[in-house]
Amino acid sequence: AALNKWLKPYIPDNCVIHSLRHSFRDRLRAVECPFDIIDRLGGWLTAGVGQSYGKGYPLYVLSKWMNRI
């Protein structure tokens, strides 16, 4: 909610902030980012018990994919 409030002045009236999440996911798919990294970057839950094991990806890996979009 705080992010939405902060972004609202920068978003045109004919757009909704939620559409940014869809665009973000589409852009990551376009650069062939692995789905588990897409989910991690977007804050979505990844299905499967194995996803909860380990510490996740190091920041440099996530950053690599962010820089591609």
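Just so it is clear, none of the values below were taken in a lab; they were calculated from the coordinates. Not measured: the values here are computed from a predicted model. Cβ placement follows ideal geometry from the backbone for every residue including glycine, while neighbour counts extend to all protein chains displayed.
Quick notes on this structure:
- Placing +1 on each Lys and Arg Cβ and -1 on each Asp and Glu Cβ, with no other charges, gives segment 2-68 a dipole about its Cα centre of roughly 160 debye.
- Helix 18-30 vs. the chain, principal-axis angle (Cα, 0 to 90°, nearest 10): 40 degrees
- Counting only the Cα atoms, segment 2-68 fills a convex hull of 118 Å³ per residue.
- Computed label-point distance, nm, for sites TRP44 and HIS18 using a 7 Å Cα→Cβ extension: 1.4 nm
- All aspartates and glutamates inside 16 Å of LYS5 as judged from Cα atoms, apart from same-chain residues fewer than 8 positions distant: ASP13
- If R0 is 25 Å, the Cβ-Cβ spacing of LYS55 and ARG27 corresponds to a FRET efficiency of close to 0.45.
- Between LYS5 and ARG68, the contour length at 0.36 nm per residue exceeds the alpha carbon distance by 19.9 nm.
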